[in-house]
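S.K.: Once you've had a glance at the structure underneath, I'll fire off some questions.
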Amino acid sequence: MIDFLARGILATVQVTLGAFAVAAVLGALVTIARRSPLAVLRLAGGAYVAVLRGVPPVAWLLAVYYGLGNVVELPTIAAAVVALGLVGAAYMAEIYRAALEAVPQGQIDAADALALSIWDKYRRVMLPNTAALLAASTASYAISLLKDSSLASLLALSELTFRANQYRQALGEPIQVFAVAAAFYIVLSVLVAVPARRVEQRILQGRS
């Protein structure tokens, strides 16, 4: 049983990492749009977050898989990465927004008074003040995304949950098989949480 389920871990990790990469980059672009002086960009960024967060991820997953599948040939794993990444971008945009709003206004005013460029303002003021919060928040979302990757089982992607259900259908033992699958998810979550916590502590120690 364990060997059979373990073969689904690779697909689970691939979907999680791929979707997280899409979410992190696209979420940053959405955040920039929401902080833009142009009203149309702020409106578009806000609408993106509201719409993508307002619909269950499974609905977006099916929409991407069956919708784009009629236009281009899209591998199952790619559909899962795109769908979860698009949804994740809305959540990452909120994480970025909360982190940026936590920066003391006095430091922002000081950066403006020094006429720092946007790049220097983010590099010298924003990032040092938000790094610890971002480490904790992004790790928390990555764990949530890891669990959401199980939705790809609906597309018959041979990831951890799909293989657990296959085993259950073939040989029964539902309690045992899903307990083992849950243990795998817990281990993967710990592998995300522990390093992120150490990074957060190092950042906080460096600032103290």
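The values are calculated or read from the model by the stated rules, or taken from the named source; none is laboratory data. In this text the structure is predicted, and so the values were computed from the model without any measurement. Backbone-built Cβ (ideal geometry, glycine too); neighbour counts: all protein chains shown.
S.K.: Return only the number of the condition from (1) closer than 16 Å to Ile9 by Cβ; (2) at pLDDT 90 or above that Ala139 does not satisfy.
M.R.: Failing condition for Ala139: (1).
S.K.: Do the conditions hold for Arg97, that is, is it of a type in the set (Lys, Arg), under 30 Å from Met126 (Cα atoms) and surrounded by 15 or more Cβ atoms within 10 Å (Cβ to Cβ)?
M.R.: Criteria met by Arg97.
S.K.: Among the residues that make up segment 112-120, is at least one of them more than 19 Å from Phe20 (Cβ to Cβ), at pLDDT below 95, aromatic (Phe, Trp, Tyr) and surrounded by 13 or more Cβ atoms within 10 Å (Cβ to Cβ)?
M.R.: The answer is no, given that none of the residues of segment 112-120 is more than 19 Å from Phe20 (Cβ to Cβ), at pLDDT below 95, aromatic (Phe, Trp, Tyr) and surrounded by 13 or more Cβ atoms within 10 Å (Cβ to Cβ).
Results for (1) aliphatic (A, V, I, L, M); (2) surrounded by 15 or more Cβ atoms within 10 Å (Cβ to Cβ); (3) in a helix (DSSP H, G or I), shown as yes or no for each residue.
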position: Leu145; (1), (2), (3): yes, yes, yes
position: Ser150; (1), (2), (3): no, yes, yes
position: Arg163; (1), (2), (3): no, yes, yes
position: Gln169; (1), (2), (3): no, no, yes
position: Phe184; (1), (2), (3): no, yes, yes
position: Pro195; (1), (2), (3): no, no, yes
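S.K.: Kindly evaluate Leu86 against the criterion of being surrounded by 17 or more Cβ atoms within 10 Å (Cβ to Cβ), outside any loop (DSSP other than H, G, I, E, B) and either without any contact (Cβ under 8 Å) to a residue 24 or more places away in the chain or out of contact with any Phe, Trp or Tyr (no Cβ under 6 Å at 6 or more places or on another chain) (or both).
M.R.: Criteria met by Leu86.
S.K.: Among the listed residues Ala139, Ala102, identify the single one that is crowded, with 18+ Cβ neighbours inside 10 Å and aliphatic (A, V, I, L, M).
M.R.: Answer to the selection: Ala139.
S.K.: Let me ask you something else. Between a residue in segment 99-118 that is touching a residue at least 12 places away in the same chain (Cβ under 8 Å) and any residue that is loosely packed, with under 15 Cβ neighbours inside 10 Å and in a loop (DSSP other than H, G, I, E, B), which pairs come within a Cβ distance under 9 Å, given they are 6 or more apart or on different chains?
M.R.: Once the first residue is touching a residue at least 12 places away in the same chain (Cβ under 8 Å) and sits in segment 99-118, its partners that are loosely packed, with under 15 Cβ neighbours inside 10 Å and in a loop (DSSP other than H, G, I, E, B) give Leu100/Arg35.
S.K.: A follow-up question, please. I'd like to check something: does segment 26-35 contain any residue that is outside any helix (DSSP H, G or I) and either in contact with a helix residue (DSSP H, G or I) (Cβ under 9 Å, 6 or more places away or on another chain) or of a type outside the set (Val, Ile, Thr) (or both)?
M.R.: Yes, some residue in segment 26-35 is outside any helix (DSSP H, G or I) and either in contact with a helix residue (DSSP H, G or I) (Cβ under 9 Å, 6 or more places away or on another chain) or of a type outside the set (Val, Ile, Thr) (or both).
S.K.: Continuing with the same structure: Just the residues that are in a helix (DSSP H, G or I), surrounded by fewer than 20 Cβ atoms within 10 Å (Cβ to Cβ) and either touching a Gly at 6+ places or on another chain (Cβ under 7 Å) or polar (S, T, N, Q) (or both), please, taken from segment 61-83.
M.R.: Thr76
S.K.: Test Gln176 against the stated conditions and say whether it is of a type outside the set (Phe, Trp, Tyr) and without any contact (Cβ under 8 Å) to a residue 40 or more places away in the chain.
M.R.: No.
S.K.: Does segment 106-117 contain any residue that is outside any helix (DSSP H, G or I) and in contact with a Phe, Trp or Tyr (Cβ under 8 Å, 6 or more places away or on another chain)?
M.R.: There is no residue in segment 106-117 that is outside any helix (DSSP H, G or I) and in contact with a Phe, Trp or Tyr (Cβ under 8 Å, 6 or more places away or on another chain).
S.K.: Here is a further query. Only one of these conditions is not met by Leu204: (1) touching a residue at least 24 places away in the same chain (Cβ under 8 Å); (2) surrounded by fewer than 12 Cβ atoms within 10 Å (Cβ to Cβ). Which number is it?
M.R.: Result: Leu204 passes all but (2).
S.K.: Let me ask you something else. Can you tell me which of Val58, Val40 is of a type in the set (Val, Ile, Thr), surrounded by fewer than 19 Cβ atoms within 10 Å (Cβ to Cβ) and free of Cβ contacts under 8 Å to residues at least 40 places away in the same chain?
M.R.: Val40 is the lone residue from the list that is of a type in the set (Val, Ile, Thr), surrounded by fewer than 19 Cβ atoms within 10 Å (Cβ to Cβ) and free of Cβ contacts under 8 Å to residues at least 40 places away in the same chain.
S.K.: So which residues in segment 1-50 are aliphatic (A, V, I, L, M), in contact with a Phe, Trp or Tyr (Cβ under 8 Å, 6 or more places away or on another chain) and within 11 Å of Met92 (Cα to Cα)?
M.R.: Within segment 1-50, Ala23, Ala28, Val30 meet the criteria.
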